[in-house]
Amino acid sequence: MALVRRTAVDGRQNGPAPAPAGLTVPRQPSAADIDEAGAAPAAPPVEEMAAAPDRPPRLWVVLIGLLLIAGGAGAAFAIDDAYAVPTMPVASDAAAIVALLLFAAVVERLVEPLTRWMPGRRALYRYEQQVADLANRVPQVSLGSVAAAKAAVAQRRAERAVLSWGLATGLATVLAAAAGFHLLRILVEVDGPAWGVVPVWVDALATGLVVGTGSKPVHDLLTRVQQGNALRRDPTGA
């Protein structure tokens, strides 16, 4: 829900604009005015507010995000079918965590320049223009239109997140297949024999899905995995 208040937008309370000084002589209060003011104090001005409902990302944006992921999975399948890239050897859990964090950071840096062409800039400009027009008392602009523009900004940000996730996941899937960075196999083969339950391209897709969330969630996830492995090896914590 996009909620806007007039004082938050233009800094003015609701009410008529003050008259210019020096043009009129104020009327002196009479005894009746004083009695009436003492008997019933004036209520504070009511602040104007407006709200607009939040809208989810548009369907075509979600479909593009899913198509980017599907394209990455198809490329991973083609790479595995043509080259059969072996799994990257990793000696320990710590090495796997560092490698995955570096992988996630590289994907973030590659995707970041492309986000400038994603939705959101025009919606933000329209919202800022609506705020400026409302402060300047443009007749065609109301609090309702400002709230709708703010809701549009939130929708575009959600769409940017979907597209960024789809692009990062698809790119990470391709890079994982090309480099042999198969997360499921790496995590299993560190402490056990070779593992081939899941096809390589599916393993690459799983790696891309993890990396596509960004380096911060990856760090948190792998920290929990490492703590769980340590507790399983030594339940006493000694």
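The values are calculated or read from the model by the stated rules, or taken from the named source; none is laboratory data. None of these values were measured; they are calculated from a predicted model. Methodologically, a virtual Cβ is constructed for each residue, glycine included, from the backbone with ideal geometry; neighbour enumeration extends over all protein chains shown. Remember, those area values only see protein heavy atoms, side chains included, never the ligands or the DNA or RNA. Shrake-Rupley method; radii C 1.70, N 1.55, O 1.52, S 1.80 Å.
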### Task
Set the Förster radius R0 to 25 Å, insert the Cβ-Cβ distance between residue 206 and residue 105 as r into 1/(1 + (r/R0)^6), and round the FRET efficiency to 0.05.
0.85
### Query
If r is the Cβ-Cβ distance from residue 78 to residue 98 and R0 is 30 Å, what FRET efficiency results, to the nearest 0.05?
0.55
### Task
With a 10 Å radius around each residue's Cβ, average the other Cβ atoms per peptide and rank 124-131, 52-59, 139-146, highest first.
124-131, 139-146, 52-59
### Query
If R0 is 25 Å, what FRET efficiency do you get for residue 133 and residue 58 from their C-beta distance, rounded to 0.05?
0.45
#### Entry: Relative contact order computed over the range 62-193 (Cα-Cα under 8 Å; 6+ residues apart), in percent
54 percent
### Extension gain (nm, one decimal) between residue 157 and residue 124, 0.36 nm per residue minus Cα-Cα
10.9 nm
### Task
Could you list which residues have their amide H under 5 Å from that of residue 49, counting only those 5 or more apart in sequence or on another chain, with H placed in the peptide plane?
none
### Message
If you build the convex hull over the alpha carbons only and average its shadow over all orientations, what do you get for the range 84-203? Give it in nm² to one decimal.
### Response
10.1 nm²
### Query
Going from most exposed to least, what order do 1, 49 have by accessible area with a 1.4 Å probe?
1, 49
### Query
Using the Karplus equation 6.51 cos²θ - 1.76 cosθ + 1.60 (θ = phi - 60°), what ³J(HN,Hα) coupling, rounded to whole Hz, does each residue of the range 48-62 give in order, writing x for Gly and Pro?
7, 9, 8, 9, 9, x, 5, 10, x, x, 5, 4, 5, 5, 4
#### Entry: Peptides 204-214, 110-120 ordered by average Cβ neighbours within 10 Å, highest first
204-214, 110-120
### Message
For residue 2, what residues show an amide H to amide H distance below 5 Å, using hydrogens built from the backbone and excluding near sequence neighbours?
### Response
52, 54
